[in-house]
Amino acid sequence: NGLEEWVVLDMQGEINNGGRPFDGEMLGNLGWRHDNSEALFLVGHHLVEGKMVNLERPYLVTAPKDHNGKKVHYVEAVVRRKLVFKLRPKPIVTKHLMKRGEYDKDKEKEQEQEKENEHMES
């Protein structure tokens, strides 16, 4: 049908860019496990694992354009799948971070979140 196919990234939480706009910015690196079973998304010093899921109904991406003095919406792309990242990011530990003590802080936050999740599930 000639339409581009886009994929939605479905993430939990918030991505902070220090108040700067995301236009033209690289968000992270997206890759796949060798068997293509999971997506691996590296954002800063965090790794997020996700899976590709088919949408129940596709979405159309439209863009407004002027046509003979009227604003009309043209279909630019279709979205049939999304990458779902449900789990919390895993911190990537390097010697540099361990020296600064950030690894311990991230580990403490992760353990606190796991306890909260366990409490909410029971």
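The values are calculated or read from the model by the stated rules, or taken from the named source; none is laboratory data. This structure is a prediction, so every number in the text was calculated from the model and none was measured. Cβ sites come from the backbone with ideal geometry, for glycine too, and all protein chains shown count toward neighbours. For accessibility, only protein heavy atoms count, side chains too; no ligands or nucleic acids. Shrake-Rupley method; radii C 1.70, N 1.55, O 1.52, S 1.80 Å.
At 0.36 nm per residue, and after removing the present C-alpha to C-alpha distance, how many nm does the segment from Lys115 to Leu40 gain when stretched out fully?
Result for the pair: 24.5 nm of gain on full extension.
If you split all Cα-Cα distances of the stretch 1-100 into 5 Å bins from zero, what percentages do you get per bin, shortest first?
Calculated over all Cα pairs of the stretch 1-100, the distribution is 2, 10, 14, 16, 18, 15, 9, 5, 4, 3, 1, 1, 0 percent.
For the stretch 1-74, what does the accessible surface come to per residue with a 1.4 Å probe? Please give it in Å².
Working: 6240 Å² over 74 residues.
Roughly 84 Å² per residue, with all protein chains present.
Can you tell me which of 61-69, 5-13 comes out highest on packing, and rank the rest after it, using the mean Cβ neighbours within 10 Å?
5-13, 61-69
Roughly how many nanometres apart are two label points built 7 Å out from the Cα toward the Cβ at Ala77 and Asn16?
2.8
Please list 42-51, 71-80, 23-32 highest first by mean number of surrounding beta-carbon atoms within 10 Å per residue.
Packing proxy ranking, top to bottom: 42-51, 71-80, 23-32.
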